[in-house]
1. Pick out the one residue from 74, 22, 36 that is in contact (Cβ under 8 Å) with a residue 60 or more places away in the chain and on the phi < 0 side of the Ramachandran plot.
2. Please count how many residues of segment 355-375 are over 48 Å from the mean Cα position of the chain (by Cα) and either within 16 Å of residue 211 (Cβ to Cβ) or surrounded by 10 or more Cβ atoms within 10 Å (Cβ to Cβ) (or both).
3. Give the residues of segment 164-189 that are surrounded by fewer than 15 Cβ atoms within 10 Å (Cβ to Cβ) and part of a loop (DSSP other than H, G, I, E, B), sorted by residue number.
4. Would you confirm whether any residue within segment 258-277 is assigned to a strand (DSSP E or B), closer than 16 Å to residue 151 by Cβ and of a type in the set (S, T, N, Q)?
5. Look through 14, 20 and report the one residue that is surrounded by 16 or more Cβ atoms within 10 Å (Cβ to Cβ), out of contact with any Lys or Arg (no Cβ under 8 Å at 6 or more places or on another chain) and in a loop (DSSP other than H, G, I, E, B).
6. If you go through segment 85-103 one residue at a time, how many are in contact (Cβ under 8 Å) with a residue 24 or more places away in the chain and in a strand (DSSP E or B)?
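The values are calculated or read from the model by the stated rules, or taken from the named source; none is laboratory data. Quick caveat: nothing in here was measured; it's all calculated off a predicted structure. Cβ: placed from backbone, ideal geometry, glycine included. Neighbour counts: every protein chain shown.
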Amino acid sequence: MSEENSMRLGINGLGRIGKLSVWHHVGRGYFGELIVNIGREAGRSLEDIAHYLERDTTYGSLSSFLHGYNAQPVISDLNEAAGTMRIDGVKVTILREKRNPLEIGWRDHDARLVVDTTGQFLDPNASHDTAKGSVRGHLECGAEKVIVSAPFKVREGDAMPNDAVTTVMGINNTAYDPRTHRLISNASCTTNCLAHMIKPLLDYFGSDRILSASMATVHAATGSQQVLDRLPKKGAKDLRKNRSVMNNIILTSTGAARALALVIPEMGTIGFIAESVRIPTASGSLIILVLNLQDDLKGSPINRALINGLYKKTATEKSDGYLVYTDKQNVSADIVGTPRAAAIIEGHETHTRTAEISINLGQIKGLDPSILAALDNTIARVPVTNAVIYGWYDNEMASYVNTLGDRTVSIAETL
């Protein structure tokens, strides 16, 4: 093992994001060993876990992912007693005993950096000894930094602790301070895409000219949904979560609006609403972003060419590859697995419509009555452009896991 890749990475959870993070980091080769905690027995043996890691319904085989169509098997050297295997030469240790982060024992495995992919431990204020487990348990048992593959959930009335931060790569990743922050949220796949869709427009127009914004994500199914209809648990409020994801379009909610304000604070001053719809596909999602923009008749009119030009310019000038612009006509399958981007703007479908709206100045709060009295006409007409922009993202591997992997390596480099 070379000094360049001798660091061990802890991964808690082996669901969709956990499994694909193993694929990502094996392929990337930055970490010399992966310590993966699943906290329970799975299948009949370690061989069954290897079987799960090697095959994926959405992305094909791990060997083909790493080496193409003529690849040979990449998992070898299974040791049931030690819980170890090698994947393409990288040692992977599977822990199958403890689910509570406090009890995992990262210190014993020299895993200073941990990525929690379970989606279970999201309150950064919860004490490390919380009965059901807490993200701070990872710190208590040896991790120096913990990256959470989901947005933090802070209880109403609580403030975000000083040692926690939410970042999106290519947007506010420099907000992470290695001297201060120990808990880092990589936000959600939707927030990553949305942030890269909003940022070029906010930089150009400014928050004052964005009168309102809304988005709807047409989102692929997730593991929390039901294959067939199921009786809801006691106290369940959203009965749609128990309906078959294979057969329905299901209305649900998203925390993207709240998380967006954490990574782009200017969005906190803009009226913004976010909705989500789940559909029966395995991966590949779409954000439909709608903006109301105050037009400037003295400058360049807001139209399709202007907005697409902003995205083209950003995609060309930024070298990180997180924003991609395309004039091609895509469907969701086209963006699953590739390219490596947080957001893929479908420029072919950008639409704008400008109209004048009437504003009764007499209804504006705080306006001096003497000003109104001096006016012949208290009705002002303001040009407003409605813009609709479409952005694709692979909510699993290509968009989210890749940016999560970049965040992980960037933090590892500060240790």
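1. Values: 74 fails: in contact (Cβ under 8 Å) with a residue 60 or more places away in the chain; 36 fails: in contact (Cβ under 8 Å) with a residue 60 or more places away in the chain.
It is 22.
2. Taking segment 355-375 first, the residues over 48 Å from the mean Cα position of the chain (by Cα) are 369-375.
From the residues that got through so far, the ones that are either within 16 Å of residue 211 (Cβ to Cβ) or surrounded by 10 or more Cβ atoms within 10 Å (Cβ to Cβ) (or both) too are 371-372, 375.
Residues flagged as over 48 Å from the mean Cα position of the chain (by Cα) and either within 16 Å of residue 211 (Cβ to Cβ) or surrounded by 10 or more Cβ atoms within 10 Å (Cβ to Cβ) (or both) within segment 355-375 amount to 3.
3. If the condition is that a residue be surrounded by fewer than 15 Cβ atoms within 10 Å (Cβ to Cβ) and part of a loop (DSSP other than H, G, I, E, B), then 177, 178, 179, 180 are the ones that fit.
4. yes
5. Working: 20 fails: in a loop (DSSP other than H, G, I, E, B).
Unique residue meeting the criteria: 14.
6. We begin by selecting, within segment 85-103, every residue in contact (Cβ under 8 Å) with a residue 24 or more places away in the chain; these are 85, 87-88, 90-103.
Now restrict to residues that are in a strand (DSSP E or B): 85, 87, 90-95.
Total satisfying the criteria: 8.
Listed here are the residues, each with its yes/no results for (1) within 30 Å of residue 23 (Cβ to Cβ); (2) among the hydrophobic types (A, V, I, L, M, F, W, C).
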{"site": "263", "(1), (2)": "yes, yes"}
{"site": "266", "(1), (2)": "no, no"}
{"site": "271", "(1), (2)": "no, no"}
{"site": "283", "(1), (2)": "yes, no"}
{"site": "294", "(1), (2)": "no, no"}
{"site": "303", "(1), (2)": "no, no"}
{"site": "311", "(1), (2)": "yes, no"}
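To keep it simple, each residue is scored yes or no on (1) part of a helix (DSSP H, G or I); (2) touching a residue at least 60 places away in the same chain (Cβ under 8 Å); (3) within 30 Å of residue 32 (Cα to Cα).
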site	(1), (2), (3)
345	no, yes, no
356	no, no, no
392	no, yes, no
398	yes, yes, yes
404	yes, yes, yes
